[in-house]
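The values are calculated or read from the model by the stated rules, or taken from the named source; none is laboratory data. From a predicted model like this one, the values you see are computed outputs, not experimental measurements. All Cβ positions, even for glycine, are placed from backbone atoms using ideal geometry, and neighbour counts span all protein chains on display. Remember, those area values only see protein heavy atoms, side chains included, never the ligands or the DNA or RNA. Shrake-Rupley method; radii C 1.70, N 1.55, O 1.52, S 1.80 Å.
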Amino acid sequence: MDKNVMNKLSYGIFVCTAKEGDKDNGCIINTVTQLTTTPNVVSIAVNKANYTHDMIVRTREFNVSVINEDGEFEMIKQFGFQSGKDVDKFSPESGHWMEENKSECKRAANGIMYITKGVNSYISCKVKESMDLGTHTLFICEVTDGEILNDVPSATYAYYHQHIKTQVEQVGTTADGKAVWKCKICGYVYEGDPIPDDFICPWCKHPSDDFERVFQL
Ligand code: FE
C-alpha cells in the first residue's frame, strides 16, 4: 500500500482545550469529525502523550477551537510544541504568541478556554464514551454549546502544511557539515545522520518517518 494514500483524506486542524481545577491547558489535534446531527455527536482522537488527553479522561469535558486560514504558526507552536506538564500554556511567559495574544483566549460557558484569534468558531463537548486506540484515545462526545466567531474559511490540514507551516525558516546543512532532518509536521530540526528509526519528534510526537532530509541549496 502507498502510505501517502492517507494524505488524500481531508482533515481540519484544531486547538483542543480542557480545564482541571485551576489548570487550563490545550493541544493541537487534527481529528474532529461530526458523527451524527441528532443528537449532535462528534468524535475526537487525542494522542496520549498530550497532557490535555489526561485532563479530558478525568474531567470528560473540553472545547474545540476551529483554526481558520488566518491561523498563525506561532499559535500552533504555543499549543502544539510544548507540554502542559512543563508549562502553563495560557501564561504570557510560556511563549511569544501567548505574550501578545493572551486577550484572545476567553472562557466559554463551561468554564473552559477557547481561542478567538486565527479561529472561526468553537464547540463545547462532553464525553459520552471512549475507546483505547493504543497511541490515542477516541472520545465520542455530545456537543453542548458552540459559537461562530467569523467567516474566514476553516484551515484544512493540507492548508496548514502548504501555507501556515511554511512560515518556518528553511534550513540547510549545519556549519560543521552535519545532515539536517526536518519534521514535516512541525518543522523541528534534528541534526545528524542517519536519524534513528525510533526517534520521536519532541515537539509534535510524530515518528522519524515524518522527517525529511534537508539539503543545502
Ligand atoms: Fe514534529
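Things worth noting here:
- Between amide H atoms placed 1.01 Å from N, distances below 5 Å from ASP145 occur with SER124, all of them 5 or more places distant or on a separate chain.
- Vicinal HN-Hα couplings computed from phi for the stretch 100-112 (Karplus, 6.51 cos²θ - 1.76 cosθ + 1.60; Hz; Gly/Pro x): 8, 10, 3, 6, 8, 10, 10, 9, 7, 4, 7, x, 9
- Euclidean distance between Cα centres, the stretch 17-42 to the stretch 69-146, Å: 9
- Whole-number D in µm²/s for the chain (Stokes-Einstein; Kirkwood sum over Cα pairs; 4 °C, 1.567 mPa s): 71
- Across the stretch 1-100, Cα pairs under 8 Å and at least six residues apart give a relative contact order of 27 percent.
- Qualifying trypsin sites (Lys or Arg not before Pro) in the stretch 2-88, DSSP loop, other Cβ atoms within 10 Å at most 12: LYS85
- Sequence-separation-based contact order of the stretch 5-53, relative, with Cα cut under 8 Å and 6+ spacing, percent: 29
- Phi angles of the stretch 49-54 translate, via the Karplus equation with coefficients 6.51, -1.76, 1.60 and θ = phi - 60°, into HN-Hα couplings of 6, 7, 5, 4, 3, 5 Hz per residue; Gly and Pro are given as x.
- Cα-based reach from LYS23 at 26 Å (exclusive), listing lysines while leaving out same-chain residues under 8 positions away: LYS48, LYS77, LYS85, LYS89, LYS102, LYS106, LYS117, LYS126, LYS128, LYS205
- Taken one residue at a time, the phi angles of the stretch 59-70 give Karplus couplings (6.51, -1.76, 1.60, θ = phi - 60°) of 9, 6, 9, 6, 10, 10, 9, 8, 5, 9, 6, 8 Hz. Gly and Pro are set to x.
- Accessible area per residue in Å² at 1.4 Å probe, computed on the stretch 3-163: 49
- Anisotropy class of the stretch 52-154 from Cα gyration tensor, a/c 1.5 cut: oblate
- Ellipticity at 222 nm from helices only: DSSP H runs of n ≥ 4 in the chain, each -39500 (n - 2.57), divided by the residue count, give -3000 deg cm²/dmol.
- Taking the accessible area of the chain, probe 1.4 Å, and keeping the other protein chains in place, the carbon and sulfur fraction comes to 50%.
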